[in-house]
Amino acid sequence: MPTPTTHPLALDPAAQDLLFRQARTADRFTDEPVPDEVVRAVHELVRHGPTAFNQQPLRLLMLRSATSRARLAPHLSRGNREKTLRAPLTALLAVDTRFHQKLPELFPAYPGAAELYAADAELREHSALLNGALQAAYFLIGIRAAGLAAGPMSGFDEKGVEREFFPDGALRALLVVNIGRPAGPPSRPRGPRLPYDEVCTTL
């Protein structure tokens, strides 16, 4: 098996397959439940991913009950409704636009960070969305690391979701993710990926 001294990737090939090469987005899941302790373990792992000023704006609302997912369904695009109602667990990912209030605790190395964001609402929202998206990507990889599949969806009415679940206005809806064990093979072949030479430029 390749080692860090003989291969540029330190992660062993089986782990690489689990996280990337063999992992697929799922839209059909078995009835096997996803326990709270699994979600907690995923969070304990991925919370270490970096964000600007350690701001950690991502918030997770776990929709486990049929009732909670029925509240979500009308705000999803038509193609996303049925699979969400059937999934064993759905995570509603949002960003806290008041993340700056926790910066004195989370980033004491820069005492002025909270004031910087408090004074500029546009900067604060942009930063929350950017860093929340980073954390959402970490979360998807963490789901795969737990041996589960994720079905992320951006096809939903953001304002409708926010009125339904985040009425105080502090949280912005970012992504909906169905979670569980996939039921059967993927419904379509994996799409092509751009090669390195099309993506990377060296100056």
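The values are calculated or read from the model by the stated rules, or taken from the named source; none is laboratory data. Keep in mind that what you see is a predicted model, and the values were worked out from it rather than measured. Note that we place each Cβ from the backbone using ideal geometry, even for glycine, and neighbour counts take in every protein chain shown.
Quick notes on this structure:
- Some residue of the range 122-138 being touching a residue at least 40 places away in the same chain (Cβ under 8 Å), farther than 25 Å from E32 by Cβ, surrounded by fewer than 20 Cβ atoms within 10 Å (Cβ to Cβ) and polar (S, T, N, Q): no
- Considered as a group, the residues in the range 10-45 that are over 26 Å from L85 (Cβ atoms) and in contact with a Gly (Cβ under 8 Å, 6 or more places away or on another chain) include one that is surrounded by the fewest Cβ atoms within 10 Å (Cβ to Cβ), and that residue is L45.
- One residue stands out in the range 95-145 among those that are assigned to a helix (DSSP H, G or I) and of a type in the set (S, T, N, Q): the one that is nearest to the chain's Cα centre (by Cα), namely Q135.
- Checking R98 against (1) more than 18 Å from L175 (Cβ to Cβ); (2) free of Cβ contacts under 8 Å to residues at least 60 places away in the same chain; (3) among the charged types (D, E, K, R), the condition it does not meet: (2)
- Matching residues, the range 46-80, being assigned to a helix (DSSP H, G or I), small (G, A, S) and surrounded by 12 or more Cβ atoms within 10 Å (Cβ to Cβ): A52, S68, A70, A73
A quick yes/no check of all residues on (1) in contact with a His (Cβ under 9 Å, 6 or more places away or on another chain); (2) at pLDDT below 95:
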{"position": "A26", "(1), (2)": "no, yes"}
{"position": "E37", "(1), (2)": "no, no"}
{"position": "L60", "(1), (2)": "yes, no"}
{"position": "L85", "(1), (2)": "no, no"}
{"position": "L129", "(1), (2)": "no, no"}
{"position": "L134", "(1), (2)": "no, no"}
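- Selection within the range 3-43 - among the polar types (S, T, N, Q), within 19 Å of P186 (Cβ to Cβ) and more than 16 Å from the chain's Cα centre (by Cα): Q16, Q22, T30
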